[in-house]
1. Could you compute the net charge surrounding A:Leu384? Neighbours are other residues with a C-beta less than 12 Å from the C-beta of A:Leu384; K and R count +1, D and E count -1.
2. With a bin width of 5 angstrom, please list the P(r) values of region B:329-457 as percents of all Cα-Cα pairs, from the 0 bin to the one holding the largest distance.
3. Quote the charge dipole size of region A:347-433 about the Cα centre in Debye, to the nearest 20; the model charges only the Cβ of Lys and Arg (+1) and of Asp and Glu (-1).
4. For the modelled label position 7 Å from the Cα of A:Thr81 along Cα-to-Cβ, which residues of region A:31-50 have backbone nitrogen atoms closer than 13 Å?
5. Given an 8 Å cut-off on Cα distances and at least 6 residues of separation, report the relative contact order of region B:116-236 as a percent.
6. Where Lys and Arg each count +1 and Asp and Glu each count -1, what net charge lies around A:Pro44 among other residues with Cβ under 12 Å from its Cβ?
7. Distance from the Cα centre of region B:285-353 to that of region A:326-385, in angstrom?
8. What accessible area per residue, rounded to a whole number of Å², is obtained for region B:154-198 using a probe radius of 1.4 Å?
Number of protein chains: 2
Amino acid sequence: MEPIDELRELLGADAVLGRAADMAPFLTDWRGRYTGRALAVVQPRTTGQVAQAVAWCARHGVPVVPQGGNTGLVGGATPDTSARAVLLSTRRLRRIRAVDPANDTITVEAGCPLQEVQQAALAHDRLFPLSLASQGSCTIGGNLATNAGGTQVLRYGNARDLALGLEVVLGDGTVWDGLRGLRKDNTGYDLKQLFIGSEGTLGVITAATLKLFAVPRARVVCLLACDTLAATVALLGRARARAGPALTAFEVMADDCVRLVDAMAAPAGRQRRPLFAQRHPWLVLLEWSEPHEARHAQDQCEQLCAAAIAAGEARDALLSQSLDDAQSLWQVRESIPEAQARRGGNVKHDISLPVGAMAAFTAETGQALHALSTDLQVLVFGHLGDGNLHFNVGTRDGVPIAAAFDREAQINDIVYAAVLRHGGSVSAEHGLGQLRRDLAQRTKAPEEMALMRAIKQAMDPRNLMNPGKLI
Amino acid sequence: MEPIDELRELLGADAVLGRAADMAPFLTDWRGRYTGRALAVVQPRTTGQVAQAVAWCARHGVPVVPQGGNTGLVGGATPDTSARAVLLSTRRLRRIRAVDPANDTITVEAGCPLQEVQQAALAHDRLFPLSLASQGSCTIGGNLATNAGGTQVLRYGNARDLALGLEVVLGDGTVWDGLRGLRKDNTGYDLKQLFIGSEGTLGVITAATLKLFAVPRARVVCLLACDTLAATVALLGRARARAGPALTAFEVMADDCVRLVDAMAAPAGRQRRPLFAQRHPWLVLLEWSEPHEARHAQDQCEQLCAAAIAAGEARDALLSQSLDDAQSLWQVRESIPEAQARRGGNVKHDISLPVGAMAAFTAETGQALHALSTDLQVLVFGHLGDGNLHFNVGTRDGVPIAAAFDREAQINDIVYAAVLRHGGSVSAEHGLGQLRRDLAQRTKAPEEMALMRAIKQAMDPRNLMNPGKLI
C-alpha cells in the first residue's frame, strides 16, 4: 500500500489530497515567494483526526507542516521542495466550541477564520480584539502559532496575551488538553506559552480558549499632523498619560506613504477628501475608545489635540465625528500596503525598537541608505504605540523598483545592524518562518540559540514538526 | 579546603553565611510551616557573582535554592533538611538599572523590593501596577518566579503580563541576557515565559525589564451590598461592560469575613465606621480608575451603582468621596487575612474557577463541608474579577479551630474535587512550592506532567535547581 493510501484509510478519502492540482493552493505562500512540494495535503475535521495524522507521520518519520489560512508573510507554512512532508491544513477544524459570557471567554477550533471569532464574540455583545488586514482568511490557529499583532496591540496585546488555554497535538500524536478559561493558574510551567509563537515547530494547535472584552461603543479617530518623528514620540507620551487604556491605536505614517496612497486613488477617479490643506512630514492616527460615552471620548480627544498643538508636537488635527468618518481616516492607514504593492513592492522590514530610539534609528538609517544610493526611498509607517515600524525601502519617483531589490542584502545589513544597535528586534510581528530564520540565528546570542535548541530537542527530537522554520 | 571556603574565595567572605544563627532567618518560610537546612547561604551582589555561585554548585553537584524576600506561602524558597543545598538570596541584587519613560519601561534587579520598583516608577510619574500585601518585603524576582497576582490583576494582569524581558542565570552558570524592552518580538520561542512562574526550578532570575503605565489620578472605590454570590457575578458583568479597563478591582467578601474584621477592630478600641446600617451576606469592593478625571469617574460609578440596585443585583452602595475614603474602604478587604490569622488560622485554598461557576461551586462545596461537620465555617473572599477565590475553612464561633485542622485532608478532598469538576485551578496565585506540589501532580493529566518533565529535563538534567519544588 502506498503511504498516502494508509492516510486515506485513517482519515477518509476526502481528507487527503494527493494530486498536484489539488495540492497547489496550499504549496505557495501568500506573497508568492516560496513554492514547496508535499507527499500529501491532509484536512482533518477533528482534533482526533489531527492526532491520527501526526501519529502516522511520527511512525513513518514524515515531517508535518501545519497551515492555517496560508496568509503568513515569511513562508512559515510552506514545505520545502523535497515532497517528503505532509501539509496539515487546519481549515476544516472550524467550530466555535463555546462562548462563556459570564467568564468573558470563547473556545474555538484552530481553523476558524479570525473574522468568525470576532463575529461569534459580537453575537454575545463581546469584543475579540485581535484585528489584522487578513482577518477574513487568516485562522486563529495561525494567529496563535505566529503570535500575530495587528492594529489593537497597544491596548489588548498580541495574540499571546489573548490566549488563556490551548489544545495541542504534540509531535508523537499525543493530545495535550490545556483548554482552560482561567485568568490565574499557577500550577507549574505555563506550557501554552511554548506553542504560541513557535510557528508549528513544537506541535499543532487545534483549539484555544480566548479572552473577550467589553465592546467599546464610543470610538473617536484623530489624525494629527507632525513635523518630525520625534514630535510623534512626544505626542505618544502625552496620549498615553491622558488616555490610559482608552488609547487603542497610535499609528504613524510618513508623508511618502500617504502620497503613494493618494497616487493609487487618483487615477482610478475615486474622489479623495484632502486630509489637510497642506502636506506634513508625518501623520499620526490616534484612536480613543470607551465603553459607551461618545461625548466624553470626543471631548477628551479635542482637549488632547489642542494640548498637543499648543505644545508644538502637532501642527493640525482632524477628528472623526461619526463611525463612518473614523473608518475613512483608518482607510488611509490601511491602504498603505496595497499602495506600496502597486508601486512594485519594496524591501520590507518588520522591526521593533524601544520607543525612545525611534527617531534616532530612523534618522541614522535614512542617512546610511541615502549614502548607499540616492535612488532609495524609505517608506516608514506602523504601530508606533507598540514600538513597531514597517520600515520599507523602495525607490524615489521615476526610479525603477529594481534599484532597491538589487541592493537588498546591503539594505538589510544597514537596517538590521541599526536595529540591533538600538536594542530592537528584527521581526516584530511577522515571525521568522523560512525568510528570517537565518537572520535570527545570526543575530541572537549563542546562549539564546542553545536554549531554543534545547526546547526543540526536548519536544521534537526527530525534527519532524515544521522543519526548516524558525530554528 | 572546605567547600564553603571555596565559595568564600569566589564571592568574598561577607557574601557567604555558614553559621547556623546567620542562616536561620533564610531557612524557615514566612508562614512558619517549613524549616530546612543549608550548606551555606550566599548573597551575591551582581549577576556575575550569581553566575559564579551557580556554576560552582553545578561543578560540585550542589542543589541551588533561590530566595527573594522569603514571603512565599507554599514553602517554595525553603530547602529540604539534608543541608546539601546552597540557599541563594537575591536580596543584594537591588539596583534600579534604568527607567525609560519614553518606552514606559523599567529595568530592575531581582532583589529589589516590589515597593521600591513602584516608587522608582512613581518618581518618573509612571505606575508599576503589581500590588501585594507583602510589597514592602517581597522582591520583584520572587514575584516573577512565582507569577504573583495581587489586587490589580483584573486590569493589569499577573506578574507574567508585566514582564518584557528577563536576565537569568541558567543551571550551568550561563547568563542569558533577555533584557529587552520590546512590546513585540517574534524571533523564536518566548524563553522568558519558561522562567516566569517556574519557582526557580529552571534558573535564577537576576533582573527584569517591566512595563510601566500612566498613573491613574482619579480613583473611586465603591462598596456594594449583595444578597447572593450569583448577584455579585451579575454585578461583575455589568461593571465590566460599563467600565471596560476603568474597572481596576472587583473583590468579594462574605459577611463572615467582615464580621471577623469587625471583631478584630472592636477590642482594640479602634472606632470603626459601620459600613452599612444592616448586615448583608456579600460585599463587593469595586474600584474605578481613570487617568485624571475624578468627576467623570465619580459620575460613572454612581450610575453603575444605581443601575445595579435597580436591577436587584445590589441592595445598597457606598462611594468614596476622597482618596482617604477609598483607602478606608480597601482597609476592610485588606484586614481579612490578619483577622483570620488572629482567629487561629484556617485551612486555606487559593483557587480559581470560570466566573460563571463561582456560585454553584461555593454552594455545593459549602453543603458538602456542612455535611462533613456542622462545626466548620467557610470564609470566602478574594478577587472575583479574576475568577480567584480564597476559599478558607475555619470553625464557627465558639468552636476551637482544631476542629477544622483535624479534618484538613477531608476538607481538601472536597474542595479540590469540586474545583476540578468545575474546570478550575488548585493554585491560582500562590504557586506550588512544596505545599501543593503533590496535589498538582495528582490532579494534572499525565500528558501535561510529561511535558513539564521534558522541559525540566532539558533545562536542568541533574535536578539541581530548587529540587523538590513545583515538579
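The values are calculated or read from the model by the stated rules, or taken from the named source; none is laboratory data. Note that this is a predicted model, so its numbers are computed, not measured. Note: ideal-geometry Cβ built from the backbone for every residue, glycine included; neighbour counts use all protein chains shown. Ligands, DNA and RNA are stripped out before the accessible areas are found, and what is left, the full protein with its side chains, is counted by its heavy atoms. Shrake-Rupley method; radii C 1.70, N 1.55, O 1.52, S 1.80 Å.
1. The answer is +2.
2. 2, 10, 19, 21, 20, 15, 7, 4, 2, 0, 0
3. 100
4. A:34-38
5. 29
6. Net charge in that neighbourhood comes out at +2.
7. 47
8. That works out to 23 Å² for each residue.
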